[in-house]
Structures are given as structure tokens and as C-alpha cells.
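Chemist: Structure incoming, see below.
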Amino acid sequence: MAEELEKPIPTEESLMEKIHGHDSSSSSDSEHEKPESPSALKAKIYRLFGREKPVHKVLGGGLPADVFLWRDKKLSAAVLGVATAIWVLFELVEYHFLSLVCHILIFALAVLFLLSNAHAFMNKTPPKIPEIHIKEEHFILIASALRNELNQAFVILRSIALGRDLKKFLMVVVGLWVISVVGNWFNFLTLLYICFVVLHTVPMLYEKHEDKVDPVAEKTLKELKKHYMVFDEKVLSKLPVASLKAKLG
């Protein structure tokens, strides 16, 4: 009984501390339950082809990406203008590539030859013409990158030829058929120029309107997957591919 009487009676201040402690704990809990930040929600948004990097990084970054995305408008316009001039010369004017190279070299050598002689006649120092040396490392890097891409392509073609991936087989056949049809419409140079113009315009337009394009692309891909599943169920699943895989495996 004496010990019970000696227990301290909770004062008003201790009661207030408990109340404030409860409030702080509840506020901390509510802070943990806060909704995700806009950046985190934006990261979960579907992006075309499942990309996780910005368009600039997807294009490799650096100067080529700056040109395709029009970071430097003067440089991008100059590159597009040069490509258009080359296409006009070779396609509309029907100029030949070898003739163009020879004429450019003749003009450049004639100008440099006359300038050097003019400076020597006026007792001035001749113009400084830089010495150009192509490094072996650059060719090795280009050849190595090309070799890796060709090896990867051969691996895919081999797996398709062995009948291991019917989906890839159909995609490659359709892609080659589309290229053959388009190739009948244009010659190689015009097709190359069209691809260059597409690379020079589509990435820039996509980067500006990606928030509108990605939802439409997501819906389109979902519909294509549905149609592919129906096609797979009604047609592909009935093909004797499983038995061929078992024999090959």
C-alpha cells in the first residue's frame, strides 16, 4: 500500500509530452505514407521500345545526337543542307560521284597552288597547310565495332535458320519484304537520303512530344500483342515447330 501511494501522479506537463509524442509519431508515419514524387511516377510511365534513357543518350550522345536533335540549329541545318545538295547533284542533276570528287580536288589544288606562288612572289610566308595523318586506331575501332555487329547478326540469322525462334523469323521476313518493296520505289541513294531526313526530323519531333506519343504507342503495342496471341493460338501453335525443336535439341 505504501509503494502504491509513493507512485508519482502524472502532471499536466507529462500528459502534454505524451500527447506531443503521439502526434510526432503519427506525423512521422504520415510522412512515410506520402505519395511518390512526380519524378518517381514519371519514371514508371511507359516509354517507347522500353527505353530507360533520354533520347539524347539513346542516340549515342555527343555531337551526332546534338545534330539529330537540333541542339545546334545552325549545325543541324548545315548538315541537312549538305545532304540535300548531294542528293540534288547526284539524282536531279545526275552528277557522277567520281567526277565530283575529281572536280573538287582540281579546284582545291588550283587555289592552294596559286596562293602559294602568290605568297612566294610577294616575299611572304606561304600558307600553312596542315599535315594530315589518319591514325590506325580509328580504323581498328571502326572495324571492331563492325565485326561485333556482323557477328551478332550472324548469330540471329543462324538461330532463325535452325527454326528456334518463329517470332524472329516472321519479323525478319516481314522486314526484308518491306525493304524490298520500298527498294522498288526508290533507288539506293534516294532511299539513303530519305532515311537521313527521317533521322534528322523524327527523333527531334519525338523528343518534343514524347509524353503524347508514348501512351498511343503503348495502346498500339497492346493491340498488336493481342492480335499476335490470337494468330499464335490459331495458326502458329498448330505448326510442327515443337517437334522440329525436339529433334534439333
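Chemist: Which ones in segment 160-187 are among the small types (Gly, Ala, Ser), surrounded by 10 or more Cβ atoms within 10 Å (Cβ to Cβ) and over 22 Å from residue 231 (Cα atoms)?
Modeler: 183
Chemist: Taking only pairs six or more apart or across chains, which ones have beta-carbon atoms under 8 Å, a first residue in segment 160-173 that is part of a loop (DSSP other than H, G, I, E, B), and a second residue that is open to solvent by 70 Å² or more (accessible area, probe 1.4 Å) and of a type outside the set (Val, Ile, Thr)?
Modeler: Qualifying pairs under 8 Å: 162/248; 163/169; 163/244; 163/245; 163/248; 164/245; 164/248.
Chemist: Those residues that are hydrophobic (A, V, I, L, M, F, W, C), open to solvent by 100 Å² or more (accessible area, probe 1.4 Å) and more than 30 Å from residue 112 (Cα to Cα), I need them from segment 130-153; list them, please.
Modeler: Answer for segment 130-153, where residues must be hydrophobic (A, V, I, L, M, F, W, C), open to solvent by 100 Å² or more (accessible area, probe 1.4 Å) and more than 30 Å from residue 112 (Cα to Cα): 141, 142, 146.
Chemist: Name the one entry in 70, 87 that is modelled with pLDDT of 80 or more and assigned to a loop (DSSP other than H, G, I, E, B).
Modeler: 70
Chemist: Next question, about the same structure. If a residue must be within 30 Å of residue 196 (Cα to Cα), of a type in the set (A, V, I, L, M, F, W, C) and open to solvent by 80 Å² or more (accessible area, probe 1.4 Å), how many such residues does segment 78-124 contain?
Modeler: Adding up the residues that qualify gives 9.
Chemist: Only one of these conditions is not met by residue 196: (1) within 30 Å of residue 85 (Cα to Cα); (2) modelled with pLDDT under 85. Which number is it?
Modeler: It fails just one condition, (2).
Chemist: Can you tell me which condition residue 127 does not meet? The list is (1) out of contact with any helix residue (DSSP H, G or I) (no Cβ under 6 Å at 6 or more places or on another chain); (2) surrounded by fewer than 13 Cβ atoms within 10 Å (Cβ to Cβ), and all the others hold.
Modeler: (1) is the only condition that residue 127 fails.
Chemist: Restricting to segment 53-67, give me the number of residues that are at positive phi and either of a type in the set (Val, Ile, Thr) or assigned to a helix (DSSP H, G or I) (or both).
Modeler: Here the count works out to 1.
Chemist: Now for a different question. Condition test on residue 175, is it small (Gly, Ala, Ser) and more than 25 Å from residue 58 (Cα to Cα)?
Modeler: Spelling it out, it is not the case that residue 175 is small (Gly, Ala, Ser) and more than 25 Å from residue 58 (Cα to Cα).
Chemist: Going by the conditions given, is residue 137 acidic (Asp, Glu) and not in a helix (DSSP H, G or I)?
Modeler: no
Chemist: Kindly evaluate residue 207 against the criterion of being on the phi < 0 side of the Ramachandran plot, assigned to a loop (DSSP other than H, G, I, E, B) and of a type outside the set (Ser, Thr, Tyr).
Modeler: Here the answer is no, as residue 207 does not meet what is asked.
Chemist: Out of the residues in segment 165-182 that are at pLDDT below 80 and not hydrophobic (A, V, I, L, M, F, W, C), which is nearest to the chain's Cα centre (by Cα)?
Modeler: Only one residue tops the list, namely 167.
The values are calculated or read from the model by the stated rules, or taken from the named source; none is laboratory data. These numbers come from a predicted model, not from an experiment. With ideal geometry, Cβ positions are generated from the backbone for all residues, glycine too; neighbour counts draw on all protein chains shown. Keep in mind that these areas ignore ligands, DNA and RNA; they rest on the heavy atoms of the full protein, side chains included. Shrake-Rupley method; radii C 1.70, N 1.55, O 1.52, S 1.80 Å.
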